[in-house]
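Input: a single structure, listed below in structure tokens.
The values are calculated or read from the model by the stated rules, or taken from the named source; none is laboratory data. Owing to the predicted nature of the structure, the values given are computational and were not obtained by experimental measurement. Don't worry about glycine lacking a Cβ; one is built from the backbone with ideal geometry, like all the others, and counts go over all protein chains shown.
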Amino acid sequence: MRNFIFLLAMAMTLNVSAQEVLSAKEWQEDLKFLQQTVHKDYSFLFKKTTKADFDTAVEKLYKEIPKLEQHEIIIGMAKLVSSFKYGHTVLGFRYSPYPFHQLPLNLYWFNDGLFVQGAHKDQADVLGAKVTGIGKMTTEEALKAIYPVIPSENDQFFKAYGPLYITVAEVLHAQGVIDKLSTEVELSFEKDGKSFKKVISTLPKGERVPTQYSLVQTDDNWLEARNQDVTPNYLKNLDKIYYFEYLPESKTVYVRQSQIQDDPSEDIPTFYAKVFDFIENNDVEKMVIDVRLNGGGNNYKNKPVVTGIIETEKINEVGKLFVIIGRRTFSACQNLINELDNYTNAVFIGEPSSENINFYGDNRRVDLPNSKIPAYLSFAWWQDKPQWEGAEWTAPHLAVDMSYEEYQTNKDPVLEVALSFDDSDFVLDPMEYMTNLFMAGEIERLTTEVPEMVRDPKYKFFDFESNLNAAGYNLLSSSQMEEAIFVFDFNTKLFPDSPNCWDSLAEGYWKAGNLEKAKEYYNKAIEMDPNGPTGQNAKDMLAQINSQGND
């Protein structure tokens, strides 16, 4: 699989070569070429958008091109490619010969906001500040405005790469965050209890903030907000693709792997052979594999990791094997965590991955004929799990993220959770747990414990509502009406503000023959969602019930 780090670098390259000026007709020709190429060779990408919506957007941009500035045309085409919502499918819109302007800031999205993680030394006063506004918008409004430009596989992908795009002046103007294109952008900040605004000049055309794994690389010109006295494990030895160390207090072997590639000094099989040999021959009780920075590489290199864990029985147990994932866990690393989920007893900790579980990956480069801008279009479907287990991401069993202060002071709450893990009250698979309680007739425990789990932040990425709803319909389809109604009713108690829960309960009663209850709950769903899809479905079902009554 194409290395995603390389792909992103290509897609976001800023080159200082001379800029060619194209006519509106030439841009329109490029647009039509892109449209025709997609339909002819990549029509299978129409999964998250439709051919009709794509063609409508193409025609709209085609008509607008004569009135648009060059960067607006490029961003317009980038949005078309990004509408497929596969992270490997991207327009290299900052590729030569059309360099853009980037602010001399590196932003990172922590759980308490967007902060200046890195800055040029001339902007030292905003280092570590929270960004509260950009141009004429709040930060939240600006992020929403630029969202369509980014090939976001899911919201985690956007969280990883949105802060990069939002520092590009051309993107800000094309998406209406600033009124006119300028090399000066006003931002609003909060720092040390004070709010202030500052106009910041972009870097010279074509220059970029130096980063590695989304974090600024420090030197004489570039500053980092994190205290440099200590380096947390996940940021150690970043000159190497992977490293491991023994943490004696918790008897844990910690591995940080940040690409699915061989390190020049030692290939993956050799490295992991040393890791598993150390585990077998030393007093080790836990293993942590940290892939939160891992953007992918070659998934054929995952085998030694997975087979090594399977063979090392002393750590392949729930509560002894932990995998840290996050917003940069993508591409070939998604394949890795899929395989670890399938074949090992790993507990996943951190944030969701930025890749769909099953996804379109490897891409081909297609150069637009006039502008020579490359479009990278995916062609390879990767499916490690059955269709019904596909999801927008791999969710952690234990949800943990990081605040700016934790980052700045070198705390690592994610690793801390792994090292202090106690499985006495932890449920690895909430759906299996709920099913077992239900089948055993332990209804009191079910109705007492599940609401506590729903409120517990550890399980915030488990979709209780959807899973229970699906379980109810499985029961309904097998004519277990009473049981289905119980599950649907239980879901309304957990999520009383969800019109879909009430709509499902209504259907349960309808299929059970209780039309009075069905009408009551369909009307409740309509009242809660009068103009939405659930409300419309409830109206349609009521019409069917009424027509049957008239018959």
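Please find, within the stretch 5-44, the residue that is modelled with the highest pLDDT out of those that are part of a loop (DSSP other than H, G, I, E, B) and either within 26 Å of the chain's Cα centre (by Cα) or surrounded by 13 or more Cβ atoms within 10 Å (Cβ to Cβ) (or both).
Step by step, filter the stretch 5-44, then rank; the result is Tyr42.
So is Leu238 within 19 Å of Asn410 (Cα to Cα), among the hydrophobic types (A, V, I, L, M, F, W, C) and either modelled with pLDDT of 95 or more or touching a helix residue (DSSP H, G or I) at 6+ places or on another chain (Cβ under 7 Å) (or both) or not?
When the stated conditions are applied, Leu238 passes them.
Tally up the residues in the stretch 510-535 that are out of contact with any Asp or Glu (no Cβ under 8 Å at 6 or more places or on another chain), surrounded by 14 or more Cβ atoms within 10 Å (Cβ to Cβ) and of a type outside the set (Asp, Glu), please.
So the count comes out to 10.
Name every residue in the stretch 474-498 that is under 12 Å from Lys511 (Cα atoms) and surrounded by 11 or more Cβ atoms within 10 Å (Cβ to Cβ), in order of residue number.
As a first pass, look at the stretch 474-498 and keep what is under 12 Å from Lys511 (Cα atoms): 475-482, 484-485.
Matches in the stretch 474-498: Leu475, Leu476, Gln480, Met481, Ala484, Ile485.
Identify the residue in the stretch 230-248 that is touching a residue at least 40 places away in the same chain (Cβ under 8 Å) and loosely packed, with under 14 Cβ neighbours inside 10 Å and, among all such residues, is nearest to Val305 (Cα to Cα).
Going through the qualifying residues, I end up with Thr231.
Would you mind stating whether Glu311 is at pLDDT 95 or above, assigned by TED's automatic domain parsing to the domain that holds Gln261 and in contact with a helix residue (DSSP H, G or I) (Cβ under 6 Å, 6 or more places away or on another chain)?
For Glu311, the condition - at pLDDT 95 or above, assigned by TED's automatic domain parsing to the domain that holds Gln261 and in contact with a helix residue (DSSP H, G or I) (Cβ under 6 Å, 6 or more places away or on another chain) - is not met.
Among Gly296, Gly350, Gly319, which is among the small types (Gly, Ala, Ser), under 29 Å from Lys458 (Cα atoms) and at pLDDT below 95?
The unique qualifying residue is Gly319.
For the stretch 48-80, give me each residue that is without any contact (Cβ under 8 Å) to a residue 60 or more places away in the chain and among the β-branched types (Val, Ile, Thr).
Thr49, Thr50, Thr56, Val58, Ile65, Ile73 - these are the residues of the stretch 48-80 that are without any contact (Cβ under 8 Å) to a residue 60 or more places away in the chain and among the β-branched types (Val, Ile, Thr).
From the list Glu355, Glu392, exactly one residue is under 30 Å from Arg455 (Cβ atoms) and touching a Cys at 6+ places or on another chain (Cβ under 9 Å). Which is it?
Checking each option against the conditions leaves just Glu355.
Here's the yes/no breakdown for (1) in contact with a Ser or Thr (Cβ under 9 Å, 6 or more places away or on another chain); (2) closer than 27 Å to Ser214 by Cβ; (3) buried (at least 21 other Cβ atoms within 10 Å of the Cβ); (4) among the hydroxyl-bearing types (Ser, Thr, Tyr):
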{"position": "Pro269", "(1), (2), (3), (4)": "no, no, no, no"}
{"position": "Asp277", "(1), (2), (3), (4)": "no, no, no, no"}
{"position": "Met287", "(1), (2), (3), (4)": "yes, yes, yes, no"}
{"position": "Val291", "(1), (2), (3), (4)": "yes, yes, yes, no"}
{"position": "Gly295", "(1), (2), (3), (4)": "yes, yes, yes, no"}
{"position": "Asn298", "(1), (2), (3), (4)": "no, yes, no, no"}
{"position": "Lys303", "(1), (2), (3), (4)": "no, no, no, no"}
{"position": "Val306", "(1), (2), (3), (4)": "yes, yes, no, no"}
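When you scan the stretch 358-369, do you find a residue that is touching a Pro at 6+ places or on another chain (Cβ under 8 Å) and small (Gly, Ala, Ser), even just one? If you could, list the steps in order and put the result at the bottom.
Of the stretch 358-369, the ones touching a Pro at 6+ places or on another chain (Cβ under 8 Å) are 365-368.
Now drop any that are not small (Gly, Ala, Ser), which leaves none.
Checked the stretch 358-369: no residue is touching a Pro at 6+ places or on another chain (Cβ under 8 Å) and small (Gly, Ala, Ser).
Those residues that are free of Cβ contacts under 8 Å to residues at least 40 places away in the same chain and of a type in the set (A, V, I, L, M), I need them from the stretch 131-151; list them, please.
Ala142, Leu143, Ala145, Ile146
May I ask you to say which residue of Leu398, Leu419 is more than 19 Å from the chain's Cα centre (by Cα) and under 27 Å from Glu432 (Cα atoms)? First the steps, then the outcome.
Numbers: Leu398 fails: more than 19 Å from the chain's Cα centre (by Cα).
Answer to the selection: Leu419.
Do we find a residue being within 30 Å of Lys25 (Cα to Cα) and in contact (Cβ under 8 Å) with a residue 60 or more places away in the chain anywhere in the stretch 292-314?
Going residue by residue through the stretch 292-314, those that are within 30 Å of Lys25 (Cα to Cα) are none.
Among the residues of the stretch 292-314, not one is within 30 Å of Lys25 (Cα to Cα) and in contact (Cβ under 8 Å) with a residue 60 or more places away in the chain, which makes the answer no.
Checking the conditions here, which among Asn469, Asn500, Asn491, Asn474 is part of a helix (DSSP H, G or I) and within 15 Å of Thr447 (Cα to Cα)?
Asn491
Any chance you could count how many residues in the stretch 355-395 are among the acidic types (Asp, Glu) and under 16 Å from the mean Cα position of the chain (by Cα)?
2
Which count do you get for residues in the stretch 373-387 that are out of contact with any helix residue (DSSP H, G or I) (no Cβ under 9 Å at 6 or more places or on another chain) and over 21 Å from Ile357 (Cβ atoms)?
0
Could you pull out the residue among Val318, Val323 that is assigned to a loop (DSSP other than H, G, I, E, B) and among the aliphatic types (A, V, I, L, M)?
Val318
Surrounded by fewer than 18 Cβ atoms within 10 Å (Cβ to Cβ) and in contact with a His (Cβ under 8 Å, 6 or more places away or on another chain), is that true of Leu428?
Taking the combined requirement at face value, the residue satisfies it.
Since Asn154 meets every condition but one in (1) assigned by TED's automatic domain parsing to the domain that holds Gly118; (2) touching a residue at least 12 places away in the same chain (Cβ under 8 Å); (3) out of contact with any Leu (no Cβ under 7 Å at 6 or more places or on another chain); (4) not aliphatic (A, V, I, L, M), which condition does it not meet?
Checking Asn154 against (1) assigned by TED's automatic domain parsing to the domain that holds Gly118; (2) touching a residue at least 12 places away in the same chain (Cβ under 8 Å); (3) out of contact with any Leu (no Cβ under 7 Å at 6 or more places or on another chain); (4) not aliphatic (A, V, I, L, M), the one that fails is (1).
Here's the yes/no breakdown for (1) among the small types (Gly, Ala, Ser); (2) under 23 Å from the mean Cα position of the chain (by Cα); (3) over 28 Å from Gly296 (Cβ atoms):
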{"residue": "Lys180", "(1), (2), (3)": "no, no, yes"}
{"residue": "Leu187", "(1), (2), (3)": "no, no, yes"}
{"residue": "Leu215", "(1), (2), (3)": "no, yes, no"}
{"residue": "Val230", "(1), (2), (3)": "no, no, yes"}
{"residue": "Lys240", "(1), (2), (3)": "no, no, no"}
{"residue": "Arg256", "(1), (2), (3)": "no, yes, no"}
{"residue": "Asp262", "(1), (2), (3)": "no, no, no"}
